[in-house]
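Encoded as structure tokens, the structure appears first; notes follow it.
What follows draws every value from the coordinates through simple rules; no lab data is involved. Computed from a prediction, not measured in an experiment: that's the story for all the values here. Cβ coordinates were reconstructed from backbone atoms using ideal geometry, including for glycine residues, and neighbour counts include every protein chain displayed.
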Amino acid sequence: MCIRDRFLYGSIHSDLIINILCFIFKESKLKIVKYIILILVIFVISLFVLSRVPAIQDRVVTNVIKNVLSNPVSLPDDGLSALVCGSRSPLPSPGRAETCIIIKAGQNLYVVDIGDGSINNLRNWRIDLTPVKAVLFTHLHSDHISDLADLHLNTWVNNPTKTEKLKVYGPEGVEDVVNGFEDAYTLDYQFRNEHHGDKVAPINLAGYETFTIDLSNPIIIDDNGLKVTAFKVIHDPIEPALGFRFDYKGRSIVISGDTISTENTIKNSINADVLFHEAQANHIVKILENENKKIGNNLAAKIMADIVTYHTTPVEAAEIANQANVKHLVFYHLTPAPRNTLMERMFVRGVNDIRKEWTLSDDGTLVILPPNSEKIEITKIN
């Protein structure tokens, strides 16, 4: 009802006038709503019709492609930085690729592990992969090596600055793995070379140069101010499994690889700016084990029970970071990778009781360390 308190207006006549005005106002509002709906309907129909016109389709797609090609993601030009191109373990999680971290030191890129989906991330972000100097494998599990062929393709084809084959460093057995990729893709090299020619796909630069890491000489790269040191971690029965430390212009990043809590990780992380440490939430893994048992999936339950023996919990990783006097801790190779805010809170349960300076990584987490500085910038690209 639009009738107001009669005491305010003093008479029935006042009430009548007010009701008439309210009616007109309501009718006006209805007309406005009708006009808005009509305009929206016309707009939607116009879009539908125009989207079927070839010239309009071409114009829209051209603009989209132009925008994509003109806006690649650029990593910092100097200092040391790390981009998480894959944040999860083999357990699936929407929107996450398997393990991959790209290190940029100056103008050069180094890829630490290259799991499934990571190259798709890098290409979607339009990261220029032509400056990749080498791939470093922490160990030879499938979720750390499976996208090697696609990385090779993106560093080989259409790379006018390329002068050598892609270097691959890894633990004992890496030559067998790389030779397997070579055997599988030899015809691919040939087909692309025959199709595009040597300027686009030079056959003499296709393939890899492989280096087995000898821990008696742990400094595996010492080039233009960058020093990369390999160290042993414990991921039994995988032997050996490795971690890596990157030192450049007074900044340092350590990548643990897959491992349990070890003194060697602490030793090689002393005073590091950033430690990327794998993390497994065993209390969530236990839930997965129990629920698989309930539905009779005993083999999956056994896998869940097995994996708790060779990974590090978030709390343990935080303790490692504290003991090594690490400035910032980044959790990666997340098992199982959180799918929502609730799981994120469960995953890092207890970490804040140990330390405050930490980040739960996602695909696209970017760490930037300006040279000769104390600054640590954590951001994200997507």
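Near V132, the amide H atoms lying under 5 Å from its own belong to L109; only residues 5 or more places off or on other chains count, and H is placed 1.01 Å from N. Taking H141, H277, H195 as the candidate residues, the one with maximal mean-square fluctuation in a Gaussian network model of the chain, Cα springs under 10 Å, is H195. By the rule of a C-alpha distance below 19 Å, with chain neighbours fewer than 8 residues away ignored, the aspartates and glutamates paired with K249 are D77, D78, D222, D223, D273, E374, E377.
With 30 Å as the limit on Cα-Cα distance, the pairs of K162/K232; K267/K356; K286/K356; K302/K327 that go past it are K162/K232; K302/K327. Straight-line reach from K66: taking Cα to Cα under 15 Å and skipping same-chain neighbours fewer than 8 places apart, the aspartates and glutamates in range are D58.
Straight-distance candidates among the lysines for linking to K165, with alpha-carbon spacing under 16 Å and chain neighbours fewer than 8 residues away dropped: K133, K199. The loop-placed GluC sites (Glu not before Pro) in segment 131-191, going by DSSP, that have at most 14 neighbouring Cβ atoms within 10 Å of their Cβ come out as E164, E172.
Which label belongs to the value computed from this structure, given these candidates for Cα Rg over 2.2 N^0.38 Å: (i) 1.37; (ii) 1.01; (iii) 1.25? It is the value labelled (i). Shown here for segment 117-222: trypsin sites (Lys or Arg not before Pro) in loop regions (DSSP other than H, G, I, E, B) with at most 11 other Cβ atoms within 10 Å, namely K199. Each stretch of four or more DSSP H residues adds -39500 (n - 2.57); spread over every residue of the chain, this sum gives -12000 deg cm²/dmol at 222 nm. Counting Lys and Arg as +1 and Asp and Glu as -1 over every other residue whose Cβ lies under 14 Å from the Cβ of Y185, the net charge comes to -3.
How far is it, in nm, from the label point at W125 to the one at S373 when both lie 7 Å from their Cα along the line to the Cβ? Computed distance between label sites W125 and S373 equals 1.9 nm. Multiplying the residue separation of R349 and T309 by 0.36 nm and subtracting their alpha-carbon distance yields 12.5 nm. Comparing V73, V44, V174, which has the greatest mean-square fluctuation in the GNM of the chain with Cα pairs linked when under 10 Å apart? Comparing V73, V44, V174 in the GNM, the peak value goes to V44. Result for the chain in a Gaussian network model with C-alpha springs under 10 Å: among S269, S70, S146, the largest mean-square fluctuation is at S70. Relative to the longest principal axis of the Cα atoms of the chain, helix 174-196 runs at roughly 60 degrees. Taking 7 Å steps out from each Cα toward its Cβ at L40 and K356 produces label points 4.7 nm apart.
The C-alpha atoms of the chain define a longest principal axis, and helix 298-307 lies at about 70 degrees to it.
Dipole of the chain computed with +1 at Lys/Arg Cβ and -1 at Asp/Glu Cβ about the Cα centre; of A206, V132, A318, farthest Cα towards the positive end is A318.
Approximating the spin labels as points 7 Å out from Cα along Cα→Cβ, the V61-to-V73 distance works out to 2.6 nm.
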